[in-house]
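**Q** For reference, the structure I am asking about is given below.
Values in this text are rule-based calculations from the coordinates and carry no lab data. The model shown is predicted, which means the values in this text are computed figures rather than measured ones. For neighbour counting, all protein chains shown are included, and Cβ atoms are generated from backbone atoms with ideal geometry for every residue, glycine included.
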There are 2 protein chains.
Amino acid sequence: MQTRPRIAFLGLGIMGLPMAGHLLNAGYPLTVFNRNASRTWDLVQAGAKPAPTPSEAAKDADFVISMVTDGPDVEQVLLGSDGAVQSARTGAVFIDMSTISPDTARLVYRNLLQHQIEFLDAPVSGGDVGARNATLTIMVGGKQDVFEQARPIFSALGKRITYVGSSGSGQVVKACNQVMTAVNLLAVCEALVLAEKNGIDPQVMIHVLSGGASQSWSLENLGPRIVKGDFSPGFMVKLLQKDLNIVLSQAQRCGISLPGTSLVQRFLEDNAVHGEASEGTQALYKALKRVEG
Amino acid sequence: MQTRPRIAFLGLGIMGLPMAGHLLNAGYPLTVFNRNASRTWDLVQAGAKPAPTPSEAAKDADFVISMVTDGPDVEQVLLGSDGAVQSARTGAVFIDMSTISPDTARLVYRNLLQHQIEFLDAPVSGGDVGARNATLTIMVGGKQDVFEQARPIFSALGKRITYVGSSGSGQVVKACNQVMTAVNLLAVCEALVLAEKNGIDPQVMIHVLSGGASQSWSLENLGPRIVKGDFSPGFMVKLLQKDLNIVLSQAQRCGISLPGTSLVQRFLEDNAVHGEASEGTQALYKALKRVEG
């Protein structure tokens, strides 16, 4: 029997925990690290090995996967003083599945290359539901042959797995994804406010519009939650803010403004000011309503 | 055998012509009027009766359907000096399927009521393809019992047929539809510009994003046309401009601003200035590119 490559998994949050579980279930020898070690418990019961630091986790690993919140976290767990790079073997492949800036991804790539470690940026969409059901969309940047090496791992985690180009490209496509997520949500909120101001039953409106050229995932999934007054996450306002900061910084570096995306970011800031940063992104509706009265 | 109600159909444009054809095929005795009479020819060959004025067309009609461009056109063919109201019998039902303002629809409704004529506003979405394939989405405002009388007619023209509320409500829901159409299109254009500026293959981006939470009809249908440089209509810039004028006037009357929709309208104005008013709405991409460089 062929031996499965050994994987170190860093970051067991709402996304990372179920993803690591899928890898364990698929038979990969797994070492896990999380800042709050109590979250490793269930995986350790199921056969994973806990590690006190990313560096300890990465010893002997063939693949090191990071799934943390932001760019500085990625730099810390991979490149920091007790980061994975300190112990990883030459020829190992690091895969970051967090959403960070394309520039940070390329910086990590170049840094690891000096240690003869390969790096893929492989952010995901599909949220916690996609992580639990192993139906994530995964967009991968880096060397194509390294992507092919990692493909079986991605297949255990998601459904639509696409190589999108050189290092950083995965993060660029994720940025495009967040642009659409943000602006499509604004579309739903504006349509709902217009309907409501004119005495239209919003559920009827959603039903009618779901059939045609104004259809979107946001309309069908977030529209009904807004109508019910359900602003629980889903995907949190503060995380979309973080992602749109990445998007708009990247846009600025390219000399573009993305006016619709910027507009959404301003509404999300209003959400944060009103204590709604940990609500679902559909709380954008409340920010719009505050402006529209 | 039960006699089919007689229908007068006013306006045989890119939408009206195939719609009238479906009614003729369904066995309705049909009289047709069009400003340019040459467009009646095929229908007359197939058994329709031509009429020189809306008033002539509406004589003896049980239902009068109008499918014209704008509010003033509707007022003219229904209420004008040779309009349908001049000859229509008491108890007839007028159905306007054009996209006009809710206020104009209510004005026509009240005016016709004085002549003991019923009125439904029943705008559609689904475009020329929906008209040809009888798959239109139809959103109907007016009295519910009158809607039920007209339902068999709607069934010959569309698939998702919904009663949405009192007179004018059909036009409000259509306005909501256009809000989403407009802002979803902006989302696609911003994502494409960001991808392109970062060297990402836009077809790959569209493929990746179509699977998840940023999915929309616009992404899947207009995205590929933009990538191919195909800016033929579909739905023309100048018609979306007209519809967004209706939307934004209605919004203003409600005291709301609809910032995303307003943003799209400004880009469409730039399209018009650059001679692109008769291109498909996906030409919005070109307007965005002119700003973004």
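**Q** From the alpha carbon gyration tensor of the protein assembly as shown, can you work out the equivalent ellipsoid semi-axes (sqrt of 5 times each eigenvalue) and give them in Å, largest to smallest?
**A** Working: eigenvalues 610, 92, 89 Å².
Sorted largest first and rounded, they come to 55, 21, 21 Å.
**Q** Would you work out the relative contact order for the stretch B:1-87, in percent, from Cα pairs under 8 angstrom that are 6 or more residues apart? Please report the intermediate quantities before stating the final value.
**A** Details: 149 pairs, mean separation 29.4, N = 87.
Answer for the stretch B:1-87 is 34 percent.
**Q** Right, another one. With the calculation restricted to Cα positions, what are the radius of gyration and Dmax of the stretch A:80-163 in angstrom?
**A** According to the Cα coordinates of the stretch A:80-163, Rg and Dmax are 13.1, 37 Å.
**Q** Need the full-extension length gain, B:Ser166 to B:Val129, defined as separation in residues times 0.36 nm minus the C-alpha distance. One decimal, nm.
**A** 10.5 nm
**Q** Counting only other chains, and only Cβ atoms inside 10 Å, what mean value do you get across the residues of A:250-258?
**A** 5
**Q** Can you list, shortest first in nanometers, how far A:Arg151 lies from the same residue in the other copies, with each label 7 Å from Cα toward Cβ?
**A** 5.3
**Q** On to the next question. Compute the angle between helix B:144-155 and the longest alpha-carbon principal axis of chain B, please, reported from 0 to 90 degrees and rounded to the nearest 10.
**A** The two axes meet at around 70 degrees.
**Q** Tell me what chain B gives for mean residue ellipticity at 222 nm when only DSSP H runs of n ≥ 4 count, each as -39,500 (n - 2.57), the sum divided by the residue total, rounded to 500 deg cm²/dmol. Could the numbers behind the result be given before it?
**A** Values: 14 runs with 151 residues, N = 293.
After summing the helix terms and dividing by the residues of chain B, the value is -15500 deg cm²/dmol.
**Q** How far, in whole Å, is the nearest Cβ of chain B from the axis relating it by rotation to chain A, and which residue carries it?
**A** Residue nearest the B-to-A axis, with distance in whole Å: B:Ser216, 2.
**Q** Regarding the stretch A:172-292, what is the average projected area of its C-alpha convex hull, in nm²?
**A** Computing the convex hull of the Cα atoms and averaging its projections yields 7.4 nm².
**Q** Here is a follow-up. Would you be so kind as to identify which of A:Thr104, A:His207, A:Gly91 lies farthest towards the positive end of the dipole of the stretch A:88-239, taking Lys and Arg as +1 and Asp and Glu as -1 on Cβ and the Cα centre as origin?
**A** The Cα lying farthest towards the positive end belongs to A:Gly91.
**Q** For peptide A:214-224, compute the average count of partner chain beta-carbon atoms within 10 Å of each residue's beta-carbon.
**A** Mean shielding by partner chains, rounded to a whole number: 5.
**Q** A follow-up question, please. Seen from all sides and averaged, what is the projected area of the convex hull of the Cα atoms in the stretch B:138-238, in nm²? List each step's numbers first, then the result.
**A** On the way: hull surface 32.9 nm².
Reported value for the Cα convex hull: 8.2 nm².
**Q** Something else about it: If R₀ is 45 angstrom, what is the calculated FRET efficiency for the pair A:Leu113 and A:Ser278, using the beta carbon separation as r and rounding to 0.05?
**A** 0.75
**Q** Can you pull the one-decimal nm distance between simple spin-label points at B:Asp103 and B:Asn36, each 7 Å off the Cα toward Cβ?
**A** If labels sit at B:Asp103 and B:Asn36, their model points lie 3.2 nm apart.
**Q** Follow-up. Note the distances from A:Pro50 to each other copy's matching label point, with points 7 Å along the Cα-to-beta-carbon direction, in nm, sorted shortest first.
**A** 8.7
**Q** What FRET efficiency comes out for the pair B:Arg89/B:Gln144, r = Cβ-Cβ distance, R0 = 30 Å, nearest 0.05? Intermediate values should be presented prior to the final figure.
**A** On the way: r = 22 Å, r/R0 = 0.74.
Efficiency, from the Cβ-Cβ distance: 0.85.
**Q** Moving on to the next point. Roughly how crowded by other chains is peptide B:160-166, in terms of the mean Cβ count from those chains within 10 Å of each of its Cβ atoms?
**A** Values: counts 6, 1, 5, 1, 7, 6, 2.
What the average comes to for B:160-166 is 4.
**Q** For B:Lys49, go through the aspartates and glutamates and keep the ones whose alpha-carbon is under 17 Å away, minus same-chain ones fewer than eight residues off.
**A** B:Asp60, B:Asp62
**Q** Just need the relative contact order of the stretch B:7-166 here, percent rounded to a whole number, with Cα pairs under 8 Å and 6+ apart.
**A** Dividing the mean separation by the residue count of the stretch B:7-166 yields 19 percent.
**Q** Out of all DSSP beta bridges with both ends in the stretch A:7-166, state the antiparallel percent to the nearest 5.
**A** DSSP beta bridges in the stretch A:7-166 are roughly 10 percent antiparallel.
**Q** Quick one: Kirkwood hydrodynamic radius for the stretch A:7-166, alpha-carbon pairs, angstrom, one decimal?
**A** Kirkwood radius, the stretch A:7-166: 15.1 Å.
**Q** For the peptides B:253-265, A:165-177, A:266-278, what is the packing order when you average, over each peptide's residues, the other Cβ atoms within 10 Å and list the highest mean first?
**A** Working: B:253-265: 20.1, A:165-177: 26.8, A:266-278: 16.5.
Going from most to least packed, we get A:165-177, B:253-265, A:266-278.
**Q** So which aspartates and glutamates pass the test for B:Lys174, namely a Cα distance under 15 Å, with those fewer than 8 places away in the same chain ruled out?
**A** Output for B:Lys174: A:Glu190, A:Glu196, A:Asp201, B:Asp70, B:Asp96, B:Asp103, B:Asp121, B:Asp243.
**Q** Going down the table (A:Lys197/A:Lys228; B:Lys238/B:Lys289; A:Lys143/B:Lys289; A:Lys197/B:Lys242), which pairs top 24 Å between alpha carbons?
**A** In this structure, A:Lys143/B:Lys289 lie more than 24 Å apart at Cα.
**Q** Take every DSSP beta bridge with both residues inside the protein assembly as shown and express the antiparallel ones as a percent of the total, to the nearest 5. Each step should come with its number before you reach the end.
**A** Numbers: 9 of 57 bridges.
Looking only at bridges with both residues in the protein assembly as shown, the antiparallel portion is about 15 percent.
**Q** Angle between the Cα long axis of helix A:169-197 and the longest principal axis of chain A, 0 to 90 degrees, nearest 10?
**A** Between helix and principal axis, roughly 20 degrees.
**Q** Given label points at 7 Å from Cα along Cα→Cβ, what nm distances, shortest first, separate A:His274 from the same residue in every other copy?
**A** 3.6
**Q** Continuing with this model, one more query. Only residues of the stretch B:105-136 count here: report those whose backbone N is under 16 Å from the spot 7 Å along Cα→Cβ of B:Ser232, or say none.
**A** B:128-129
**Q** Gap in Å between the Cα centre of the stretch A:118-170 and the Cα centre of the stretch B:84-127?
**A** After rounding, the separation between the Cα centres reads 55 Å.
**Q** Helix A:259-273 versus the longest principal axis of chain A: what angle, 0 to 90°, nearest 10, using Cα atoms?
**A** 90 degrees
**Q** Give me the distance in nm between label points sitting 7 Å out from Cα along the Cα-to-Cβ direction at B:Lys49 and A:Thr3, one decimal.
**A** 9.0 nm
**Q** List the residues, sorted by chain then number, that are 5 or more residues from A:Ile95 or on another chain and whose placed amide H is less than 5 Å from its amide H.
**A** Hits under the 5 Å cutoff: A:Val64, A:Ile65, A:Ser66, A:Leu120.
**Q** At q = 0.16 Å⁻¹, what log₁₀ I(q)/I(0) does chain A have when each alpha carbon counts as one equal point scatterer in the Debye sum?
**A** Scattering profile of chain A, log10 relative to I(0): -1.21.
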